[in-house]
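Novice: If you scroll down you'll find the structure; I have some questions about it.
Read the figures in this text as sums done on the coordinates, not as results from a lab. Computed from a predicted structure; not experimentally measured. So basically every Cβ, Gly included, is an ideal-geometry build from the backbone, and we count neighbours across all protein chains shown.
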Amino acid sequence: MSNDRRTNESFKMFEDNELRDERALSQVKKFKPLIPQFRPNSTYITQFMIIMVLSGFQIGYAMMCINRIEEFMQIKFDWPKESEATYISILTGVGIVGLAFGSLTSGYLMKDGRKRCMLIATAIGVIGVSIEMIDNFWVIAVGRLIYGYSCGIYAPCIGRYIEEVLPVHLLPTLFPIYTCGMAASAILVMIAAIILPNISN
């Protein structure tokens, strides 16, 4: 008898919940015309994603560019053959170290806004590239460290910025495009290496 009573109470609770859900749904339908319907601004989103892809482009370029010009660097700085790999490893490694430290500090810089964080990273990157223009191996290494640091700031910041700006339903489609920018930069470096003059010349 007690089991039947419990079963009846459970059914009654279920019916009450169902009735409340139906009432809530009817209220939503009643006020739905009053809720503004927003459409994504496709022009703004396109421009925004181009900027984000170009930012990701820098990260891939920072990691790949030295590998394609190592023979030219060896001739320019007249490295001993046995030390060539060491010097190239230094130039490649400092960029990666900069990326790591930039990623660690990006969260702190993002506290004042994603856009401001990206502007700071851009300014640091300009300083790093300007230093790399000086014709000295160790100065170039310092410049690459600074440029790598700026790219490291970009990496987490861009992801958060995209998540906050894009509509939720567009994230699965557009977010991977940012990653494609990094891969595209690596491909561009390889293409650019083809048009470099022959090392024998």
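Novice: Specify the residue that is farthest from Tyr147 (Cα to Cα); the eligible residues are those in the stretch 66-75 that are in a helix (DSSP H, G or I) and in contact with a helix residue (DSSP H, G or I) (Cβ under 8 Å, 6 or more places away or on another chain).
Specialist: Looking at the filtered set, the residue picked out is Gln74.
Novice: Select from the stretch 76-86 the residues that are part of a helix (DSSP H, G or I) and either surrounded by 10 or more Cβ atoms within 10 Å (Cβ to Cβ) or touching a Phe, Trp or Tyr at 6+ places or on another chain (Cβ under 9 Å) (or both) and list them in ascending order.
Specialist: Lys76, Phe77, Ser83, Glu84, Ala85, Thr86
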